[in-house]
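The next block holds one structure in the form of structure tokens; read it before the comments.
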Amino acid sequence: MPPMATKDTTHAWDAQTYDQISAPMTRMGTTVLDRLQLTGNETVLDAGCGSGRVTAKLLERLPDGRVIALDGSEAMLTEARANLAGFGARVTYLRADLSQELPAFGPVDAILSTATFHWVTGHADLFKRLASHLRPSGQLIAQWGGFGNVANVIDALDSVRSEFRELADWDGPWWFPTTDDVTALLETAGFQVHRAWLTREYVTLETREELERYLGTPVLVAHLDRVGPAHHATLVTKVADRLPGMTINYVRMNVVAARLPHTTSVGRGYHQP
Ligand SMILES: C[S@@+](CC[C@H](N)C(=O)[O-])C[C@H]1O[C@@H](n2cnc3c(N)ncnc32)[C@H](O)[C@@H]1O
């Protein structure tokens, strides 16, 4: 699949660090993956594959199937290629921005996405775009930040925001929706929502050093991009100082949905009016 000519609208992810510190994301992502109903020969899109740790577990469930590992970050895809080398040609890597039109592929049998959709912009279009690359009745299984996510980090950020000119009037990079918002957008995009619900997750870091490393990648990656390298360490230190403890309070949006049957797909050679 040819690489997409894309401007990098995603952030400057430190993919090696992410790979090392993303055990909490892998744990949450594995629970989400378990919701995917597979026989083992399907083609599944991993939308926002990161360094490929959850993708590897997906591939283990697809001994005769394939995965399209999509991410907007070239650094993440490089890390994913190394981590998933053992799966050979069963993985296709695709650099693409989920906030923009996607290159032609599929239609796939299912879409998995973990810890990614809150970084994307334009969710009405995102869900329409995903529906158009999914076969009728294909599953969409996803988890990302929901309403109330990382509230204690946002409180800490708010208390230091005025010290960073670039953050002062910025709403931030995230979309943390309610279940009603998500259900409405998905239904408009052509999905049947079997279930959309919020769960709480707590990630507690052992040491101050680990906390700062975790805040730097992944939590504050967009904020650090915005303030620039000269201010990275100061921002991370100040946010860590203002957090009431060593725990990040996550709220996750969980979605189990399927594309409605008998709708048009833009995928390779598949149009069913
Ligand atoms: C927190 S990581 C999650 C990675 C993996 N799914 C996991 O659960 O560990 C978020 C990923 O989403 C990707 N991402 C963020 N915004 C994106 C966009 N607009 N288009 C494509 N990928 C995006 C990032 O590059 C990153 O790899």
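The values are calculated or read from the model by the stated rules, or taken from the named source; none is laboratory data. Here the structure is a predicted model, which is why all the values come from computation and not from measurement. FYI the Cβ positions are ideal-geometry reconstructions off the backbone, even for glycines, and counts take in every protein chain you see. We work out accessible area using only protein heavy atoms, side chains counted, and drop any ligands, DNA or RNA first. Shrake-Rupley method; radii C 1.70, N 1.55, O 1.52, S 1.80 Å.
For a distance above 19 Å, tell me the whole-number percent of Cα pairs in segment 157-273 that qualify. Here the tail beyond 19 Å accounts for 62 percent of pairs.
Here segment 235-265 and segment 80-136 have alpha carbon centers that stand 18 Å from each other. Summing charges over neighbours of ILE21, with a neighbour being any other residue whose Cβ is under 10 Å away from its Cβ, gives -2 when K and R count +1 and D and E count -1. Note on segment 114-170: with charges restricted to the Cβ of Lys and Arg (+1) and Asp and Glu (-1), its dipole about the Cα centre is near 460 debye.
Ignoring ligands, DNA and RNA, please state the percent of accessible area on segment 205-255 from carbon and sulfur, probe 1.4 Å. Answer for segment 205-255: carbon and sulfur cover 50 percent of the accessible area. Per the Kirkwood formula applied to alpha carbons, segment 116-221 shows a radius of gyration over Rh ratio, Rg over Rh, of 1.04. Coupling constants for segment 111-116 follow from the phi torsions by the Karplus curve (6.51 cos²θ - 1.76 cosθ + 1.60, θ = phi - 60°), and in residue order they are 10, 10, 8, 10, 6, 10 Hz; glycine and proline get x. Can you give the longest run of the chain that contains no trypsin sites (Lys or Arg not before Pro) sitting in a DSSP loop with at most 16 other Cβ atoms inside 10 Å? By the stated rule (loop sites, at most 16 other Cβ atoms within 10 Å), 62-267. Summing charges over all other residues whose Cβ lies under 14 Å from the Cβ of ALA240, with Lys and Arg as +1 and Asp and Glu as -1, gives -2.
Once you have a ≥ b ≥ c as the square roots of the Cα gyration tensor eigenvalues for segment 1-145, tell me rounded if a/c is under 1.5, and otherwise prolate or oblate according to whether a/b is larger than b/c. Rounded.
Charging the Cβ of each Asp and Glu at -1 and of each Lys and Arg at +1, and nothing else, the dipole of the chain about its Cα centre rounds to 700 debye. Solvent exposure of segment 6-57, expressed per residue, is 41 Å² of accessible area, with all protein chains present and a 1.4 angstrom probe. Compared with the rule-of-thumb size 2.2 N^0.38 Å for a compact globular protein, the chain has a Cα radius of gyration ratio of 0.99. Expressed in units of 2.2 N^0.38 Å, where N is the residue count, the Cα radius of gyration of segment 138-192 is 1.52. With both residues required to sit in the chain, DSSP beta bridges show an antiparallel share near 50%. Taking a ≥ b ≥ c as the square roots of the eigenvalues of the Cα gyration tensor, segment 87-161 is prolate, since a/c reaches 1.5 or more and a/b is larger than b/c. Once backbone amide H atoms are built at 1.01 Å from N, GLY138 has ARG259 as its partners under 5 Å, excluding neighbours fewer than 5 places away on the same chain. A compact globular protein would have a Cα radius of gyration near 2.2 N^0.38 Å; the ratio found for segment 183-250 is 1.54.
The order of the peptides 182-189, 113-120, 169-176 by mean Cβ neighbours within 10 Å, most packed first, is 113-120, 182-189, 169-176.
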